[in-house]
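The values are calculated or read from the model by the stated rules, or taken from the named source; none is laboratory data. Predicted model only: the values in this text are computed from it and were never measured. All Cβ positions, even for glycine, are placed from backbone atoms using ideal geometry, and neighbour counts span all protein chains on display.
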Amino acid sequence: MPIRPLVSYSIERVEVLREDGTVDEELMPSLSADEIQRLYEHMVLTRRFDERMFKLQRQGRLGTFARVTGQEGAQIGAVFALRPDDWLVPAFRENGALLWRGITMTQLLQYWSGDERGGAFPRALRTLPISIPVGTHLLHAVGIGWAMKEAGEDSAVLTFFGEGATSTGDFSEALNMAGVFQVPVVFFCQNNQYAISVPFTRQTAAPTVAQKALGYGIFGVQVDGNDVFAVYRATREALERARSGKEPTLIEAHTYRVTDHTTSDDARRYRSDEEVAAWLKRDPIERLAHYMRAQGFLDEAREAEIAAEADRKVAEAVEAFESIPPPEPEEIFRHVFAQKTRPLEEQEAALLARWERRR
Amino acid sequence: MRGEQIEERSLTYAQALNEALREEMQRDARVILLGEDIGVWGGGGVFGVTKGLLEEFGAERVRDTPISEAGFTGAGLGAALAGLRPVVEFMYVDFSMLAMDQICNQAAKIRWMLGGDVSVPLVIRAQQGAGRGNGPQHSQSLEAWYAHTPGLKVVMPSTPYDAKGLLKTAIRDDNPVVFLEHKLLYGTRGPVPKEDYTIPFGQAAIVRQGRHVTCVALSYQVHKALEAADVLAEEGIELEIIDPRTLVPYDRETVARSIMKTGRLLVTHQAPERAGFAAEVVMCALEDAFDYFDAPPLRVCGKNVPIPYSLTLEAAAIPQTEDLVRAAKRLVEGVPLGGRRS
């Protein structure tokens, strides 16, 4: 009885947009000039918003938050493939994706300033709240996908997470169950190489995240996460597979977190400047701009105009955010249950009476 | 309280739960079941609660899951957010610890975090309790853990009648409900009406009336308290047994009113005494009826030890009828029956 190979698999990597701004014409997804402009504009808006948020945080006007700078290609490329009737299940670094879904900058500022009213996304946007516990939301994506399948809807779910989340049990349970139940979910991993200070090589012995899909019997693919066209192409394909065959997919967007993990750490303590510098050369926005300049979609004047327009929108949002009055104390009791229980009513009455006396 | 307007029909606790699930699934196509070995295994779960439901409603609505507690709880939550009304089953409540984040950190909080613009109609069913020699990791009573978490409702039925009515209420509730059944109760019988009925949360049942000692008993301990009451009655001591039925919300008024009559409080559950729900019962009673106490309240609860595998040792670790009898006698010692107010 010879020992023979039983199964063999390969994992593909998709790249479309080269660093010099040229594209692989065969792989280039069909996108109109107008769509490419919108992609670019949204990536710039995301970057400008991120930079302004960082300043606000350093001034003490916002709390801790996770920056998206450098990951705009992965994030915006993915949500660009969504339809309004699809669901988005974010982690905590998805400001760009959330803006694209229709959450306002004012709301996000409110949330990251420590006011949860900003995280109460309207139900119609089909977007779950920002999920800061790592990996736990992947299961909600599976459940939503399952409910949509049961309801006979042809929409899909896109959920974001980082490579750190792939070490959690919930990641494993989510992918396994998605495979067993055949649900229309796209698991989108932004592998930005660091989970706080822990590098990818210390997160897993596997050379890629994408290959983890194989163990769960689902499709997995890696894309250049700083290549917005490759990300869009892979996500669109995955969403189509989800909608038509209810098949889940794991996409690994290979990218890099050029900033600190959040505003609370200093990445220089655990990685080299050279490493960061090498990745900065692969900036997703600059790469897209290269392409657009060559195509005649973008010139210096237009570039400046788009940046100024983004800054104007951000400034407006900051102004609106700063005029939001603080929440009332009774807010804490409001949404514990669909209808307040009596013990909660009693606690609320006692608290309000105390506040009244203090006034 | 029970028995009135009830047609003569006796069901087991498991059958009553089964009927509640069946009727709610017939009434509302959004009700679906998720759990381990609840379908094709044939028995309807380890205790037969889901028996016949796969045949009636199909594999889409009665979903056998991988061994993946966090997985099916989280997926159940996601499905609830997207419009279904899932009932997830833990084969043993002990396994719910594998899904603790999904229950306490996710399901319990997501409505609050979304500012209320969402419903979380998720029922988490589990069987718990000791008395079957199932050992330390299959015999616990975890109600206090869940009662401690804001955003969860906690239900503990002790009779077939309550099991059916409360499960229907749980399924129709728009909040996550932890529904804790006791493994020794599945075979117990009691009257269950054929017609549709629900039991509102937050209403305790006065299981037996009495003048001398208020006994608040949870789940299986209601039956132990009934046994103790018979023994005590022979000695002229009357136990008033109150089953809160739901811990969140908790009906403290019924307990306070009873203490105003009896002046004595005894609380019993199988869960370990330390930081158990009995402490909450006692504290609420002290807040509400301090002046009426004729004796310090007593707890008759599980020892602060893991539940042993050995049946002999297990019996020593959980409160027995004799313990209740002894405690009730201690409460009436020194103060004449009828109390200071008679």
* Please determine, by comparing only the residues of region B:318-342 that are at pLDDT 95 or above and part of a loop (DSSP other than H, G, I, E, B), which one is surrounded by the fewest Cβ atoms within 10 Å (Cβ to Cβ). => B:320
* So which residues in region A:277-308 are free of Cβ contacts under 8 Å to residues at least 12 places away in the same chain and more than 24 Å from residue A:260 (Cβ to Cβ), if there are any at all? -> A:296, A:299, A:300, A:301, A:302, A:304, A:305, A:308
* Asked: For residue A:356, which of the numbered conditions (1) under 23 Å from the mean Cα position of the chain (by Cα); (2) farther than 26 Å from residue A:80 by Cβ fails to hold?
  -> (1)
* Determine which member of the set B:8, B:36, B:89, B:60 is at pLDDT 95 or above and either in contact with a strand residue (DSSP E or B) (Cβ under 7 Å, 6 or more places away or on another chain) or not hydrophobic (A, V, I, L, M, F, W, C) (or both). => B:89
* Which of (1) surrounded by fewer than 17 Cβ atoms within 10 Å (Cβ to Cβ); (2) closer than 21 Å to residue B:160 by Cβ; (3) of a type in the set (Asp, Glu) does residue B:235 not meet, given it meets every other one? -> (2)
* Asked: Under the condition of being farther than 22 Å from residue B:67 by Cα and among the acidic types (Asp, Glu), which residue from region A:116-170 is nearest to the other protein chains (Cβ to nearest Cβ)?
  -> A:116
* Structure fact -> Picking from A:306, A:324, A:332, the residue that is within 30 Å of residue A:356 (Cα to Cα), among the aliphatic types (A, V, I, L, M) and part of a helix (DSSP H, G or I) would be A:332
* **region B:110-133 - residue that is among the small types (Gly, Ala, Ser) and at the interface with chain A (Cβ under 8 Å from one of its Cβ atoms) and, of those, farthest from residue B:13 (Cα to Cα)** => B:115
* Structure fact -> Scanning region B:52-64 for residues that are within 25 Å of the chain's Cα centre (by Cα) and surrounded by 20 or more Cβ atoms within 10 Å (Cβ to Cβ), the one farthest from the other protein chains (Cβ to nearest Cβ) turns out to be B:53
* **When residues of region A:183-225 are limited to those that are of a type in the set (Phe, Trp, Tyr) and part of a strand (DSSP E or B), the one farthest from the chain's Cα centre (by Cα)** => A:219
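Please count how many residues of region B:179-214 are assigned to a strand (DSSP E or B), over 20 Å from residue B:267 (Cβ atoms) and under 13 Å from the mean Cα position of the chain (by Cα).
2
Within region A:171-180, how many residues turn out to be facing chain B (nearest Cβ under 8 Å) and touching a strand residue (DSSP E or B) at 6+ places or on another chain (Cβ under 8 Å)? Walk me through how you get there before you give the answer.
Here is the first cut: in region A:171-180, the residues facing chain B (nearest Cβ under 8 Å) are A:173-174, A:176-177, A:180.
If we keep only those that are touching a strand residue (DSSP E or B) at 6+ places or on another chain (Cβ under 8 Å) too, we end up with A:174.
Residues that pass the stated criteria total 1.
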* All but one of (1) exposed (fewer than 13 other Cβ atoms within 10 Å of the Cβ); (2) farther than 23 Å from residue A:100 by Cβ hold for residue A:335, so report the exception by its number. => (1)
* Looking at region B:149-178, which of the residues that are within 14 Å of chain A (Cβ to nearest Cβ) and either in a loop (DSSP other than H, G, I, E, B) or acidic (Asp, Glu) (or both) is surrounded by the fewest Cβ atoms within 10 Å (Cβ to Cβ)? -> B:150
* Among the residues of region B:93-109, write down those that are surrounded by fewer than 21 Cβ atoms within 10 Å (Cβ to Cβ) and within 7 Å of chain A (Cβ to nearest Cβ). => B:101, B:105
* Yes/no for residue A:154 being within 30 Å of residue A:275 (Cα to Cα), in the same structural domain as residue A:73 (by TED's automatic domain parsing), touching a helix residue (DSSP H, G or I) at 6+ places or on another chain (Cβ under 8 Å) and not hydrophobic (A, V, I, L, M, F, W, C) -> no
* To do: Report whether or not residue A:327 is under 25 Å from residue A:66 (Cβ atoms), within 14 Å of chain B (Cβ to nearest Cβ) and surrounded by 11 or more Cβ atoms within 10 Å (Cβ to Cβ).
  => yes
* **Residue in region B:68-82 that is of a type in the set (Asp, Glu), within 11 Å of another protein chain (Cβ to nearest Cβ) and crowded, with 20+ Cβ neighbours inside 10 Å present** => yes
